[in-house]
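Each remark here refers to the structure printed beneath this line.
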């Protein structure tokens, strides 16, 4: 009789192994007994970890085990660069871990109510005036995941703080956004370019 055990993906297996490395020896051995129904005798931590990875039906089930404490998942995500609010519930950490393993993206979840991620892909230009004002003009496309939503053009007016050498304050912001509908609904957009000229930027410096 050949039993086809569920196989974890390489990403899931690596993630689970790293998370197990954060757990205590006692919890790992106990978790091994639970996952294998005490049918597999292990002699050390290495064998216990391998047994857990081999007999886990799915990663969500493993993460929800009592021995996989909330703090363990939180520490694992922090090590991977995934920011979560310190007061996150275990089910939120489990969900985020599964998302991280499926996408490989360490998104900032300090605002967990936001369920979509936007990325800005800019081109930029910089102009400074003799009076200390610096203008930064950027243009780019706005994406939600792989879907292009439109293009934007934005100008920042910056002034150096007199108290802190490397600190800047925003004097003004000028933003223009065009959605896909306004652009004719084209599926693919050409690389965005700045429409404001250097002379127009110089006028803003006055």
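Readers should treat all values here as calculations from the given coordinates under stated rules, not as data from a laboratory. Computed from a predicted structure; not experimentally measured. We place every Cβ from the backbone using ideal geometry, glycine too, and count neighbours over all the protein chains shown.
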### Query
Taking neighbour Cβ counts within 10 Å as the exposure measure, how do 62, 53 sort from fewest upward?
53, 62
### Task
Give me 168, 101 ranked fewest to most by other Cβ atoms within 10 Å of their Cβ, as a rough exposure proxy.
168, 101
### Task
Please order 22, 73, 159 by the number of other Cβ within 10 Å, starting at the fewest.
159, 22, 73
### Query
Hey, what does the equivalent ellipsoid look like for the stretch 10-103, semi-axes from the Cα gyration tensor as sqrt of 5 times each eigenvalue, largest first, whole Å?
23, 13, 12
